[in-house]
Amino acid sequence: MTLDKTALVVDNNNNSTEVNLTGSASDTADMLDMTIGETVGKALLEDAKLNVRHANVFYGDKQAIHDISLDIGKNEVLAMIGPSGCGKSTFLRCLNRMNDTIPICRVEGSFLLDGEDIYDRRQDPVLLRSRVGMVFQKPNPFPKSIYDNVAYGVRLHGLAKNRAELDEIVEKSLRRAGLFNEVKDDLHKPGTGLSGGQQQRLCIARTIAIDPEVILMDEPTSALDPIATALIEELITELSEKYTIAIVTHSMQQAARVSNRTAYFHMGKLVEVNDTDSVFTTPQHPLTENYITGRFG
Amino acid sequence: MNHTEKIQHSLKKRHAREKRFRLYGLLSVSISILFLLSLLGDIGFKGMPAFWQTKVKLDIHLDPERLGLGPNPDQDDLFQANYQRLIADTLTRMFPDAKTRQQRRALKNLVSKSAAYELRDAVIANPQLLGQTRPFWFLAKDDVDVYMKGRIDRNLPESQRRIKDYQLAWIDTLKSQGRLKQGFNTTFFTNSDSREPEQAGIRGAFTGSMLTMLVTLSLAFPIGVLAALYLEEFAPQNNRWVDLIEININNLAAVPSIVFGLLGLAVFIGFFGVPRSAPLAGGLVLTLMTLPTIIITSRAAIKAVPNSIREAALALGASKTQVAFGHVLPLSLPGILTGTIIGMAQALGETAPLLLIGMVAFVADVPHSIFDPSTALPVQIYLWADSPERAFVERTSAAIIVLLLFLMAMNALAVFMRKKFENKW
Ligand SMILES: Nc1ncnc2c1ncn2[C@@H]1O[C@H](COP(=O)(O)OP(=O)(O)OP(=O)(O)O)[C@@H](O)[C@H]1O
Ligand SMILES: [Mg+2]
């Protein structure tokens with residue numbers, strides 16, 4: 001396993017207001033001197049599902065991602081943590097080209113899915129997104145029935161030959177999302193009438209209905225209560241048997257519970273990535289340590 | 001003074017200000033309601049009588065000889081026979097006191113000129129009537145009608161009234177014989193414009209308006225919605241050309257409608273040879289006028305669709321077009337329809353541009369297609385408002401009532417749709 005020589009240069013003139021310091025004055029001084037340097041830990045894997053090399057993302061003139069290289073393994077749950085505004089969502093949205101919808105966003109670097117370039121000109125974002133699904137922070141069911149929500153992607157891609165097959169896919173997806181028993185009598189009621197946690201599970205069901213290979217989740221439980229959160233975390237663990245999952249979260253407990261590997265982002269850079277256990281027990285980079293011990297962020 | 005006292009002190013002032021503001025609000029609302037009510041009251045008071053109309057019963061002896069018919073008249077003979085003479089005969093028989101020319105003319109003018117046509121149609125429909133004496137109900141002339149509705153004061157000196165003393169005597173006689181009655185004015189809805197007030201109706205203008213609206217709707221709606229959808233969903237953002245188009249659309253909404261009329265005259269009629277006075281020309285001009293309204297309201301409705309819906313669909317692999325037509329358009333449709341209805345209501349009441357493209361002509365026929373010459377409701381109102389006859393005054397108001405009812409129905413529909421479909425997400 002060789003780590004690419006990706007020297008991450010810290011811009012010392014960079015305004016560090018985004019670093020939310022809660023520690024003492026001496027901590028502050030430490031922080032400002034601290035060089036982020038190269039990504040520490042285990043960023044690259046063998047036989048990975050997704051390979052990202054030297055990713056740079058800009059919003060207009062502003063750079064949001066600085067030279068990140070990271071692999072995501074098959075059937076792995078990768079957790080991404082880091083202070084607000086450090087570029088977790090931006091990075092995640094590069095993986096299914098959702099950033100294409102933001103006109104000022106420019107993406108550089110190489111992104112490979114099973115060795116295929118995601119940003120290749122011949123790559124159709126429609127096909128890509130059917131392989132790399134996404135669940136958003138705020139549950140966003142369509143204002144249609146529960147059934148139609150789940151069936152939407154299936155119909156879109158023509159994945160069911162007939163009504164019976166469609167029914168089967170809808171039921172199976174709802175079951176896997178742990179929602180079927182709660183809604184089986186209300187399949188034709190609007191999806192927007194469900195509770196927040198149910199809506200989020202509906203969105204997950206909708207995503208897995210088209211059977212993607214990778215599922216990206218951007219803070220999927222931040223709007224949910226602890227019970228709904230626990231349900232979804234269980235679900236993530238189950239889904240990882242079949243899918244590769246990248247999840248952004250603000251809860252370190254959640255990262256610790258669901259993920260195999262954890263990546264710590266800081267000001268657009270990937271500071272540390274390692275097996276979840278070692279990140280939380282023996283963080284190698286002082287910034288990571290500060291963050292997980294709750295000194296800032 | 002401690003904290004609570006300070007707050008209590010300022011509270012009194014705040015409450016007083018609130019009360020004052022509420023009073024101002026109430027006052028301005030009542031003033032506008034007062035204006036509205038007096039307007040509606042005035043129109044209603046003037047216009048309601050137009051929905052009733054006086055009829056006269058005459059016993060007509062259908063004498064073939066007086067009609068100048070031979071023993072076996074054919075359709076043509078029946079059609080061309082002089083029925084007016086039979087009516088004049090009947091009236092002269094009933095009121096032999098009419099001696100002077102002027103009086104005899106006045107006598108004939110008790111019933112509408114349409115009476116002869118009614119008689120003709122009855123005879124053609126049933127030639128057996130010839131030779132018999134039958135009672136017929138004819139439209140009364142507008143002066144009789146107006147008098148019957150109490151709009152002519154018989155206590156005025158004779159020289160100041162449209163109806164002379166001898167006419168009053170005839171009307172009184174007819175009344176006492178039960179030969180006058182008032183019924184619902186169906187003529188107003190089945191006839192088109194006419195020189196004779198008692199025969200004038202709004203059917204032609206109404207049909208013209210509907211055809212014009214049809215042209216406007218079928219052009220302005222798709223063009224406006226597609227333009228809005230393109231500008232919101234597909235056009236490059238922060239592009240100079242797109243900004244320019246946006247500014248121009250907003251400016252277009254502020255252009256006085258008469259300018260659109262001039263443009264329509266020059267471009268559609270002058271250059272493209274669209275028939276003058278036709279609903280097609282009117283519809284095209286009103287399309288220009290309605291487009292900015294539809295585009296602006298549609299864009300607002302499209303903007304209101306939350307981005308999370310677009311992202312959800314895109315993330316499932318929908319293409320941009322599928323998102324636009326499968327999600328954005330259906331979700332913004334209530335708003336778009338509301339805007340369209342408001343735009344159409346504006347267009348329906350628009351008069352100035354139609355005057356310029358010749359829809360102000362006197363048209364006694366109901367238009368059958370968008371190429372036939374025609375008028376429109378607001379133009380008809382304008383025409384009638386210009387006529388001196390008392391009976392046209394009430395018809396003007398009646399036409400306004402019809403137009404207002406229509407506009408209110410359209411606005412109610414817009415409100416209903418907004419209520420029914422709002423906040424789906
Ligand atoms: N659409 C955008 N246009 C311009 N700048 C953006 C846009 N989206 C994000 N940014 C900027 O990119 C940087 C990274 O944002 P990003 O949303 O990726 O952060 P994040 O780590 O997901 O934060 P959070 O935890 O608060 O969700 C931020 O400085 C943000 O201001
Ligand atoms: Mg984020």
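The values are calculated or read from the model by the stated rules, or taken from the named source; none is laboratory data. Values in this document were obtained by computation on a predicted structure and should not be read as measured data. Note that each Cβ is placed from the backbone with ideal geometry, even for glycine, and that neighbours are counted across all protein chains shown.
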How about the stretch A:208-251: which of its residues are within 13 Å of ligand 1 (Cβ to nearest atom) and under 21 Å from residue A:263 (Cα atoms)?
A:216, A:217, A:218, A:219, A:220, A:222, A:246, A:247, A:248, A:249, A:250, A:251
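Let's see how each residue does on (1) part of a loop (DSSP other than H, G, I, E, B); (2) touching a residue at least 60 places away in the same chain (Cβ under 8 Å); (3) closer than 24 Å to residue A:139 by Cβ:
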| site | (1), (2), (3) |
| --- | --- |
| B:318 | yes, no, yes |
| B:330 | no, no, yes |
| B:340 | no, yes, no |
| B:347 | no, yes, no |
| B:354 | no, yes, no |
| B:366 | yes, yes, no |
| B:374 | yes, yes, no |
| B:382 | no, no, no |
| B:387 | yes, yes, no |
Within the stretch A:191-200, is even one residue more than 16 Å from ligand 1 (Cβ to nearest atom), touching a strand residue (DSSP E or B) at 6+ places or on another chain (Cβ under 9 Å) and of a type in the set (S, T, N, Q)?
yes
Provide a single number: the residues in the stretch A:88-99 that are away from every other protein chain (no Cβ under 12 Å) and surrounded by 24 or more Cβ atoms within 10 Å (Cβ to Cβ).
3
Scan the stretch A:175-187 and give yes if some residue there is within 14 Å of chain B (Cβ to nearest Cβ) and touching a Leu at 6+ places or on another chain (Cβ under 8 Å), otherwise no.
no
Is there a residue in the stretch B:78-90 that is hydroxyl-bearing (Ser, Thr, Tyr) and under 30 Å from residue B:399 (Cα atoms)?
no
Limited to the stretch B:164-209, what total is found for residues that are within 15 Å of residue B:138 (Cβ to Cβ), of a type in the set (Phe, Trp, Tyr) and touching a strand residue (DSSP E or B) at 6+ places or on another chain (Cβ under 7 Å)?
0
Is it true that residue A:133 is under 20 Å from residue A:203 (Cβ atoms), away from ligand 2 (no atom under 16 Å from the Cβ) and in a strand (DSSP E or B)?
yes
Going by the conditions given, is residue A:228 buried (at least 24 other Cβ atoms within 10 Å of the Cβ) and farther than 23 Å from residue A:53 by Cβ?
no
Please work out which one of (1) surrounded by fewer than 15 Cβ atoms within 10 Å (Cβ to Cβ); (2) touching a residue at least 24 places away in the same chain (Cβ under 8 Å); (3) not assigned by TED's automatic domain parsing to the domain that holds residue B:116 is the condition residue B:46 fails and give its number.
(1)
Among the helices (runs of 4 or more DSSP H) contained in the stretch A:158-209, which hold 2 or more residues that are more than 23 Å from residue B:310 (Cα to Cα)?
A:163-176, A:180-183
If we ask which residues in the stretch B:269-322 are within 14 Å of chain A (Cβ to nearest Cβ) and of a type in the set (S, T, N, Q), their number turns out to be 5
Screening B:27, B:23 for residues that are under 34 Å from the mean Cα position of the chain (by Cα) and surrounded by fewer than 11 Cβ atoms within 10 Å (Cβ to Cβ) leaves only B:27
List every residue pair whose Cβ atoms sit under 7 Å apart, with the two residues 6 or more apart in sequence or on different chains, where the first one lies in the stretch B:217-242 and is under 23 Å from residue B:281 (Cα atoms) and the second, anywhere, is surrounded by 11 or more Cβ atoms within 10 Å (Cβ to Cβ) and of a type in the set (Ser, Thr, Tyr).
B:219/B:287; B:220/B:287; B:220/B:290; B:221/B:340; B:224/B:298; B:225/B:298
